[in-house]
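Contents: one structure, followed by commentary.
Bear in mind these aren't lab numbers, they're just calculated from the coordinates by the rules spelled out. Note that the coordinates shown come from a computational prediction; the quantities given were computed from them, not determined experimentally. FYI the Cβ positions are ideal-geometry reconstructions off the backbone, even for glycines, and counts take in every protein chain you see.
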Protein chains: 2
Amino acid sequence: MLPKKKLKSSFPLRLRARRVPLVLAGIGNVGKAFYGLVLEKHEYLQKHYGLDLRFKAVLKSDGGYFFGSGPRKSKRPSTAAGLLSAGPHWNPGLTAEAALKAGRPGVFVECTPSNIRTGEPGRGHIRAALRAGWHVVTANKGPLVVDFKGLRDLARRNHVFLKYSAATAAALPTLDVAMYSLAGAEIQAIEGILNGTSNYILTRMGEGEDYAEALREAQDKGIAEHNPELDVKGWDTAVKLLLIANSVLGLDLTLQEVTVEGITQLTPDLLERANRDGKAVKLIGRMTRSAGRWKAEVSPEIIDRAHPLFGVNGTNKGITFLTDTMGSVTATGGKSDPRGAAAALLKDIIHIFIHH
Amino acid sequence: MLPKKKLKSSFPLRLRARRVPLVLAGIGNVGKAFYGLVLEKHEYLQKHYGLDLRFKAVLKSDGGYFFGSGPRKSKRPSTAAGLLSAGPHWNPGLTAEAALKAGRPGVFVECTPSNIRTGEPGRGHIRAALRAGWHVVTANKGPLVVDFKGLRDLARRNHVFLKYSAATAAALPTLDVAMYSLAGAEIQAIEGILNGTSNYILTRMGEGEDYAEALREAQDKGIAEHNPELDVKGWDTAVKLLLIANSVLGLDLTLQEVTVEGITQLTPDLLERANRDGKAVKLIGRMTRSAGRWKAEVSPEIIDRAHPLFGVNGTNKGITFLTDTMGSVTATGGKSDPRGAAAALLKDIIHIFIHH
């Protein structure tokens, strides 16, 4: 029988739920959403998974909030907005190392801004956490892009988990489908629409807007960032593709090995024509193998109606795995917002403790 | 780090892979495909999952093949076609009970024909296996429809797994997505295209054929069975919906509680009109909740282009989960053939031993 239900029925036998200390680094949009989500779901997680998640510390760049490890839940702010530097828990000298050392290990949640060149400050945080015997879940792609192999090996050596669903398309299941739903099948190719911003722009261009208009609209709606370079030039897609490929196919690809072309050179003309023929232009991240070698590339492609990603429009994302025994399996959707990313972090934490 | 890779690296430390005895009941199309797949993947499963799957017995209605439990792999036929009643392993008196008792428990694989009224002979097999301390994976829906709660409780009492991915849309991940990829999220609604035969017929009707033509074509191609009643009247969809809902939502629905309408009354006219408006008619299995009560229904519906299942055509299947934190997540595809079902059985076996 399925573990979730097994747990439910066996749960009354446990005197109380398993207490899991959390240290959260970064309270930007995703960090805030995660803080709120854990408080919102506290009862649900106890009831359904037997997990009692407790924030022990929340780190910012200039210090942090330290709540200790006791059952002092009532003293913690009930929303991320309540985390004020003036509050009683604020400790201007608090570092990740100090927060990690004060008590038994739990899960370190990395949500600081992503820097895909240096990986910092996330890389330093993750290394410190893994070395201190903490599991790590991260929404921050930077450290993984810069040091995938190093961090993976460090996690193994310390017998802890390093999980990053939130960095690989967040609420859209990508790693899960490949590693869990396709267990026993060999993956022969991967293709994905992995960036919501560029997909939104392409969708609008397919409806007749030009690139500049579509980008401005996306920025006005808060979909595209003020500096959209990483998204529209294909680098965000490349990063996600890299992380998925390295995890699922057991590779050690670096970003330099991915051929990347973005959507900035596309003309509305091409998109309208594709549209007229009943086709669509999508920014596709693709892994293919020939003669035993994997090739990683990101580029705009014209796909037809029969393609399983054809209907993935707007800010939606999707991924298709071609396998030897299960045919082609596709996942689409998943909220593209901070709450979706927070939910992916939470999922990874559940998987660490509840091994389905 | 992700368990598949962790296993790989730790595997050299194990002297040999874990030997798992298998008893297979039923060698129709799915049973044959499973037998072949396990032999084909034997090395792969050892290498990637540390599992050494060994057929100990294969049961037919009039007896069975008994291979014992030793490492006598070379004596076993290398394809299901080699399982001849005249062969040295044939034992005309072999029953499930006898096969299960001769040696330490492993996994019982139930592939006998599905009877959704009596559940037999699968139900008897599964009960015997669970009572003998064997895990069970089943492609046979009958026993689960007739006795879901009884079998689930029996598995729990015996501390073994009862898994049925192969009975819930096979290579399309349905239970996996809900229980694993959406862990921590609450599912608020489910809708699925869960029957390949009726979806094929609807797709062809949308292209202008009438029902009788489309059905005949599906039968000629081996997609529809000679007696297509269960598929076209919606019962196969209802059964899958029931199993998914009971597992994922923790319900104890029976088939009598599902409102079922099939596709036999549809006119090509309606489908053409939907088509002209850029819409499509699909046979949808749907779970919705209002005032705290879940409602289960199967009926043909007109869906528009923005619907995540719009592009699911031909024999393809798909399922959409609406959640509180991850938005709408959809899985589509997965091979609709005996090999796909065999791959789903194999996946369930891997999950029993490798708890990701």
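Going by amide H atoms built from the backbone, whose H comes under 5 Å of the H on residue B:305, apart from near neighbours?
none
Answer rounded, prolate or oblate for segment B:255-302, using the Cα gyration tensor with square roots of eigenvalues a ≥ b ≥ c: rounded when a/c is under 1.5, else prolate when a/b is larger than b/c, else oblate.
Since a/c reaches 1.5 but b/c is at least a/b, the shape of segment B:255-302 is classed as oblate.
Quick one: 3J(HN,Hα) in Hz for segment A:127-137, Karplus 6.51/-1.76/1.60 with θ = phi - 60°, rounded, Gly and Pro as x.
Couplings: 4, 4, 5, 4, 5, 7, x, 8, 5, 10, 10 Hz.
Assign unit charges at the C-beta atoms only (+1 for Lys and Arg, -1 for Asp and Glu), then state the dipole size of the protein assembly as shown relative to its Cα centre in Debye, rounded to the nearest 20.
4240 debye
Per residue of A:184-191, count partner chain C-beta atoms within 10 Å of its C-beta, then hand back the mean as an integer.
Partner-chain Cβ atoms within 10 Å, mean over residues of A:184-191: 4.
Residue by residue through segment B:186-201, which ³J(HN,Hα) values in whole Hz follow from phi under the Karplus form 6.51 cos²θ - 1.76 cosθ + 1.60 (θ = phi - 60°), with glycine and proline marked x?
Values, residue by residue: 9, 8, 9, 6, 9, 9, x, 9, 10, 10, x, 5, 5, 5, 4, 4 Hz.
Which distances, shortest first and in nm, link residue A:103 to the matching position in the other copies, using label points set 7 Å out along Cα to C-beta?
For residue A:103, the other copies' label points sit at 5.1 nm, shortest first.
Which cross-chain or sequence-distant (5 or more) residues have an amide H under 5 Å from the amide H of residue A:19, H modelled 1.01 Å from N in plane?
A:52
Once you've got the GNM for chain B with C-alpha springs shorter than 10 Å, pick whichever of B:278, B:142, B:262 has the biggest mean-square fluctuation.
Highest fluctuation among the options: B:278.
With the dipole of segment B:175-333 worked out from charges on the C-beta (+1 for Lys and Arg, -1 for Asp and Glu) around the Cα centre, which of B:278, B:199, B:320 lies farthest toward the positive end?
With unit charges placed on the Cβ atoms, the residue in question is B:320.
So what's the Cα pair-distance distribution over segment B:51-195, bin width 10 Å, in %?
Cα pair-distance distribution for segment B:51-195, in percent: 10, 34, 35, 15, 5, 0.
When the dipole is taken about the Cα centre of segment B:175-333, and only Lys, Arg (+1) and Asp, Glu (-1) are charged at their Cβ, what size is it in debye, to the nearest 20?
In total the dipole reaches around 340 debye.
Could you pull the copy-to-copy label distances for residue B:208, with points set 7 Å along Cα to Cβ, in nm to one decimal and sorted shortest first?
Values, ascending and in nm: 3.0.
For chain B, what relative contact order do you get, as a whole percent, if you take Cα pairs closer than 8 Å and at least 6 residues apart?
Computed over chain B, the figure is 18 percent.
Which percent, nearest 5, of DSSP beta bridges in the protein assembly as shown are antiparallel?
60 percent
Please give the net charge around residue B:83, taking every other residue with its beta carbon less than 12 angstrom from that of residue B:83, where Lys and Arg add +1 and Asp and Glu add -1.
+3
Tell me which residues come under 5 Å, amide H to amide H, from residue B:260 once H is placed; ignore anything under 5 positions away on its chain.
Those lying under 5 Å, H to H, from residue B:260 are B:298.
Can you pull a Stokes-Einstein diffusion coefficient for the protein assembly as shown at 10 °C (1.306 mPa s), Rh from Kirkwood over Cα pairs, as a whole number of µm²/s?
Once the numbers are plugged in, D ends up at 60 µm²/s.
Which percentage, to the nearest 5, of the DSSP beta bridges contained in chain B is antiparallel?
60 percent
Equivalent ellipsoid semi-axes for segment B:167-214, as square roots of 5 times the alpha carbon gyration tensor eigenvalues: give them largest first, rounded to whole Å.
Each semi-axis is √(5λ); the values are 32, 11, 7 Å.
Given 10 °C and 1.306 mPa s, compute D for segment A:175-333 with the Stokes-Einstein relation, Rh being the Kirkwood radius over Cα pairs; round to the nearest whole µm²/s.
Answer from the Stokes-Einstein relation: 100 µm²/s.
Give the Cα extents of chain B along the principal axes, in whole Å, largest first.
Here the spans come out as 63, 47, 35 Å, largest first.
Cβ under 14 Å from residue A:124's Cβ, residue A:124 left aside: what net charge do those residues give with Lys, Arg +1 and Asp, Glu -1?
Charge balance near residue A:124 sits at -1.
Averaged across the residues of A:317-328, what count of C-beta atoms belonging to other chains lies within 10 Å of each residue's C-beta?
Across the residues of A:317-328, the mean count of other-chain Cβ atoms within 10 Å is 5.
How do A:172, B:230 rank when sorted from fewest to most other Cβ atoms within 10 Å of their own Cβ?
Fewest-to-most ranking of A:172, B:230: B:230, A:172.
Note down the nm distance, to one decimal, between modelled labels 7 Å out along Cα→Cβ at residue B:299 and at residue A:189.
Result for the modelled spin labels: 4.1 nm.
When each copy gets a label point 7 Å from Cα toward the beta-carbon at residue A:259, what are the spacings between them in nm, shortest first?
5.4
Count charges around residue A:307 for me, please; just the other residues with Cβ under 15 Å from its Cβ, Lys/Arg as +1, Asp/Glu as -1.
+2
Spelling out what I want: for every residue of segment A:41-56, take phi, set θ = phi - 60°, compute 6.51 cos²θ - 1.76 cosθ + 1.60 (Karplus), and round to whole Hz; glycine and proline get x.
9, 4, 5, 4, 5, 5, 5, 8, 10, x, 10, 10, 7, 10, 5, 9
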